[in-house]
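Engineer: Shown below is the structure under consideration.
A short reminder: the numbers here are calculations on the coordinates, not readings from a lab. Predicted model only: the values in this text are computed from it and were never measured. Here the Cβ is made from the backbone with ideal geometry for all residues, glycine too, and neighbour counts use every protein chain on show.
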């Protein structure tokens, strides 16, 4: 896996997983529809348009900002329920052939991922591919990365490491338990402590029970680690 440094200080990866996604799109006789859980990025829109797919933007960061929820670890009051994702994905119609979750799973706890995947069950069909990135290092930036794509599939992963927090480092078996309707197809180890995952939707299955059925954090699961030792309150990426 080739990794270089971008001019903006981020890392650039030759993403094998993204090549698999474009091949998946190319095998279809009909136009593919891609659900992007991230914010609108022109480079990502252009990349999938060239591949022959239509991108649908969910913009999770904007939704959280509008509900005063921060990725920083101070949101214990937010309930983890699928109704949050029902609202977030209220305009999503599906079925989608690809779902882009980027590195958000690292910032969601177990219950939140289960609720999200439960909502996605109704938006996927057999063979839908789910793409996401996990962080395998002990610590990670306090907010998700800014991700851009080149025309050739190079992935620009730009982070701010001023504040760090503990990484959940979900094991493959744990991930499969949280998304029983999906099966792992490919996993690529990138340099600098990142892994790409491609999962395929098989059929809807009953999600596991939540750990806490009433009040639990939607996003927070660990204590932040600040370089200065102070507890940070970081803004969402824009």
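Engineer: Given points 7 Å out from each Cα along the Cα-Cβ axis, report the residue 139 to residue 19 separation in nanometres with one decimal.
Structural biologist: Placing both labels 7 Å beyond Cα along the Cβ direction yields 3.5 nm.
Engineer: With a 10 Å Cβ neighbour count serving as the proxy for reagent exposure, in which order, fewest first, do 174, 34 appear?
Structural biologist: With the sparsest Cβ surroundings first, the list reads 174, 34.
Engineer: Could you list 178, 184, 117 in order of exposure, starting from the residue whose Cβ has the fewest other Cβ atoms within 10 Å?
Structural biologist: Numbers: 178 22, 184 15, 117 27.
Ascending Cβ contact count within 10 Å gives the list 184, 178, 117.
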